[in-house]
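The values are calculated or read from the model by the stated rules, or taken from the named source; none is laboratory data. This structure is a prediction, so every number in the text was calculated from the model and none was measured. In this analysis, Cβ positions are derived from the backbone assuming ideal geometry, glycine residues included, and neighbour counts consider all displayed protein chains.
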Amino acid sequence: METNTQNKGETLVEVKNLVKYFPVRAGLLQRVVNQVKAVDDVSFVVKKGETLGLVGESGCGKTTVGRSMLRLIEPTSGSVSFQGKDVLALKGKELKDVRRDMQIIFQDPYASLDPRVPIGESVMEGLHIHRIGTPRERMDIMLETLKKVGLEDYHARRYPHEFSGGQRQRIGIARALALRPSFIICDEPVSALDVSIQSQVLNILKDLQKEFGLTYLFIAHNLSVVEHVSDRVAVMYLGKMVELTTREELYRNPMHPYTQALMSAIPVPNPRLKRQRIVLKGDVPSPLNPPKGCRFHPRCPVAVEKCSQEEPQFLEVSPEHWVACWLAK
Amino acid sequence: MTTHTPTGDNSLLGETVAMRKIGRLERFLGPENYRVLMGMFKTPASIMGFSLIVFFVIIALAAPVIAPPLNPNDPYKIPRDGFKADPQPMGSPWNRNQPPLPFWWKPIMKTDQWVHIFGTSQGQYDVFYGVIWGTRTAFTTGMIVVISTFLIGVVIGSVSAYYGGVVDNILMRIVDIMLTLPFLLAALILAAVLTPKIGRSLVPSILALITFGWMGYARIVRGDILSTKERDYVMAARVIGVKDSRILFRHILPNAIFPTLVLASLAIGDVVLSFAALSFLGIGTEIGYADWGQVLSFARNWIISLNQYWYIVVWPGLTLVLFVMGWNLLGDALRDVLDPRMRGKT
């Protein structure tokens, strides 16, 4: 969001060469016969106070990146450093401590709250686990956090099924916020909500970011939403990062052919406006067997010989604009 | 935070909506137990199931009053009115070994003569006494077997799902192998083998039914835990830093256990039925012990003349059917009530 200029440049999270292969087992002995290359060598940094949007179509590995950073999925290799600590190497107490600072908001508000626990307890659980304050103080923090997301005291004793989708998503935000983290991964937090509630939740996230100086990794597949919330945007395709730049630059001057295709697909409200639409041929190839060379080349409208042979590097072609394409200059 | 009042919030409604009155019973039981109890009285089927079980509980508790034993130290021995083979009809008077007269008999019948209400079976065993005291046996065996199999199944299923990998594979293959055995036959053989070692009592049959009865629970608990542990709220708990054991006991098991609990409540009837089947075949308790299977087994030799001696089959059989039906109806009602999505809909 545009107001966070004072902290710009300071790195909070750095992901380096993150790889996650899911083994495919088969047969009586459950031997590994193949691997789903969900995330293949992804690197990026998240700067303090910013919102980094992460976009890509379903199955491209966005969620796997997010969950690997929190160790909800153990990545195959790579490193994630948070405030200088290597998250992937931490164990026990140290891991628990770093968890206070890194939280997540889930996509499906109906699956992200334990149906048997009153929501106040869900929000308080982290405080209890980390032994923050007395029970009385925890209760106060919980109620205050609920208020921050627009819920009242008496809601705390209710069960998740008594709330609407938008309310539940706000409860999910309150749970993530209760520990007062500095970094929150928003894993498609609004894609399960209808449009009027989406803006409500996005505004809450924005307000909280200002108030608590939060840093977001905002995973989404809706480009309009990403444009609304992000300072910088990263685009993923089939387990690879293809483009990463500031929001203005990306929406004005997308360099990767895949990003260009995505941009041309954003719906515009004016039905008479004639636009050049780039329609991609075919389907996303299987991550079991990604294409050689550039992963996008079988569907790329401008692919050349070299694209099917050699994999392009993820390079900074102009200041703050990283692209993985042979044709980008 | 800026002044941001979200829409879709019902904080304004809270003041105006009339509050539901909370009765004394609800205050006493707490909202959760009250809801479960009320759920038991929602449909005719659940009312019937609940009434049947309450009826049997009363019979079991009041057995010494309904049918006083001949020897209070050994009440499960059915008193015999002589040793004649032929069953005696309903209402025939006691001649020998008459147990004390129950207090309710004289005011109703205006006589001091205690009779065989349901007749006598082969060997002059009193059918009424067997049915009444058999209720206690049914509850004892049903509860012991169901609770034991439930606990064994839940522990094995949880361990299997929690550790996964090799442990899971080994445990589940054991379950597979045991599930291939025909249940009643396997239980029959084990009980028959155990009986000479342990002696004739309830124990061999109970052990046999436990040994071959836990696999279903293990399977279901494992499956439910596996699906529950991938839910987002479990992930959220891990991100917060909750310990694995707390996640298992607080977030996974409470959400995964309910299908198994319903299965268990339905199983009490089945267990009692299987136990009766073993007794009917002569496995387990000593002859003359008050259990329904045994009372039924006395009718084995009289099957061809049941038009004359129908009462030696119908009364214990009917009791058994009603007992099993009660648990099945109750289990169905329980399934509806314990489903969290049904909360607040009573």
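Looking at A:Y216, A:Y258 in this structure, which one is touching a residue at least 60 places away in the same chain (Cβ under 8 Å) and either under 27 Å from A:A174 (Cβ atoms) or away from chain B (no Cβ under 14 Å) (or both)?
Being touching a residue at least 60 places away in the same chain (Cβ under 8 Å) and either under 27 Å from A:A174 (Cβ atoms) or away from chain B (no Cβ under 14 Å) (or both) holds for just one of A:Y216, A:Y258, which is A:Y216.
Residues A:R252, A:R247: which one is free of Cβ contacts under 8 Å to residues at least 12 places away in the same chain and over 15 Å from the mean Cα position of the chain (by Cα)?
Answer to the check: A:R252.
Which members of the stretch A:120-143 meet the condition of being part of a helix (DSSP H, G or I) and within 11 Å of another protein chain (Cβ to nearest Cβ)? Talk me through it step by step, then tell me what you get.
If we filter the stretch A:120-143 for residues that are part of a helix (DSSP H, G or I), which is where we start, we get A:120-129, A:135-143.
Result: A:E121, A:S122, A:V123, A:M124, A:E125, A:G126, A:L127, A:H128, A:I129.
Of A:V33, A:V24, which residue is away from every other protein chain (no Cβ under 14 Å), in contact (Cβ under 8 Å) with a residue 60 or more places away in the chain and either closer than 30 Å to B:I170 by Cα or crowded, with 18+ Cβ neighbours inside 10 Å (or both)?
Residue meeting the stated conditions: A:V24.
Could you please find all residues in the stretch A:162-173 being crowded, with 24+ Cβ neighbours inside 10 Å and under 13 Å from B:A236 (Cβ atoms)?
The answer is A:Q169, A:I171, A:G172, A:I173.
Of the residues B:P204, B:P182, which is under 21 Å from the mean Cα position of the chain (by Cα), more than 14 Å from every other protein chain (Cβ to nearest Cβ) and under 23 Å from B:I152 (Cβ atoms)?
One residue alone meets the criteria, B:P204.
So in the stretch A:297-320, with the set limited to residues that are touching a Pro at 6+ places or on another chain (Cβ under 7 Å) and loosely packed, with under 14 Cβ neighbours inside 10 Å, which one is nearest to A:V284 (Cα to Cα)? Outline the logic, then answer.
Initially, the stretch A:297-320 is screened for residues touching a Pro at 6+ places or on another chain (Cβ under 7 Å), giving A:297-298, A:300-302.
Those left that are additionally loosely packed, with under 14 Cβ neighbours inside 10 Å: A:301-302.
Details: A:P301: 14, A:V302: 17 Å.
Once the filter is applied, the top-ranked residue is A:P301.
I'd like to know if the stretch B:209-221 contains one or more residues that are within 15 Å of B:T149 (Cβ to Cβ), assigned to a helix (DSSP H, G or I) and basic (K, R).
Yes.
If we keep just the residues of the stretch A:196-205 that are facing chain B (nearest Cβ under 9 Å), out of contact with any Ser or Thr (no Cβ under 7 Å at 6 or more places or on another chain) and in contact (Cβ under 8 Å) with a residue 24 or more places away in the chain, which is farthest from A:R170 (Cα to Cα)?
The qualifying residue farthest from A:R170 (Cα to Cα) is A:I197.
Looking at the stretch B:100-150 only, could you name the residues that are within 26 Å of the chain's Cα centre (by Cα) and either at pLDDT below 90 or more than 19 Å from B:L207 (Cβ to Cβ) (or both)?
Kept after step one, since they are within 26 Å of the chain's Cα centre (by Cα), are these residues of the stretch B:100-150: B:118, B:126-150.
Those that are within 26 Å of the chain's Cα centre (by Cα) and either at pLDDT below 90 or more than 19 Å from B:L207 (Cβ to Cβ) (or both): B:F118, B:D126, B:V127, B:F128, B:Y129, B:G130, B:V131, B:I132, B:W133, B:G134, B:T135, B:R136.
Give me the residue from the stretch B:142-160 that is over 13 Å from B:A256 (Cβ atoms) and small (G, A, S) and, out of that set, surrounded by the fewest Cβ atoms within 10 Å (Cβ to Cβ).
B:S148
Can you name the residue in the stretch A:96-119 that is of a type in the set (A, V, I, L, M) and within 8 Å of chain B (Cβ to nearest Cβ) and is also farthest from A:L217 (Cα to Cα) among such residues?
Looking at residues that are of a type in the set (A, V, I, L, M) and within 8 Å of chain B (Cβ to nearest Cβ), I get A:V117.
Look at A:A156 and say whether it is farther than 19 Å from B:I247 by Cβ, more than 23 Å from the chain's Cα centre (by Cα), more than 10 Å from chain B (Cβ to nearest Cβ) and at pLDDT below 90. Steps first, please.
On the way: farther than 19 Å from B:I247 by Cβ: yes; more than 23 Å from the chain's Cα centre (by Cα): yes; more than 10 Å from chain B (Cβ to nearest Cβ): yes; at pLDDT below 90: yes.
Judged against the criteria, A:A156 is a match.
Do you know which residues across the stretch A:173-191 are assigned to a loop (DSSP other than H, G, I, E, B), within 11 Å of chain B (Cβ to nearest Cβ) and touching a helix residue (DSSP H, G or I) at 6+ places or on another chain (Cβ under 8 Å)?
Passing the criteria: only A:L179.
If a residue must be within 9 Å of chain A (Cβ to nearest Cβ) and touching a helix residue (DSSP H, G or I) at 6+ places or on another chain (Cβ under 6 Å), how many such residues does the stretch B:240-266 contain?
5
If B:L171 satisfies all but one of (1) touching a Ser or Thr at 6+ places or on another chain (Cβ under 6 Å); (2) more than 30 Å from A:R31 (Cα to Cα), what's the number of the condition it fails?
(2)
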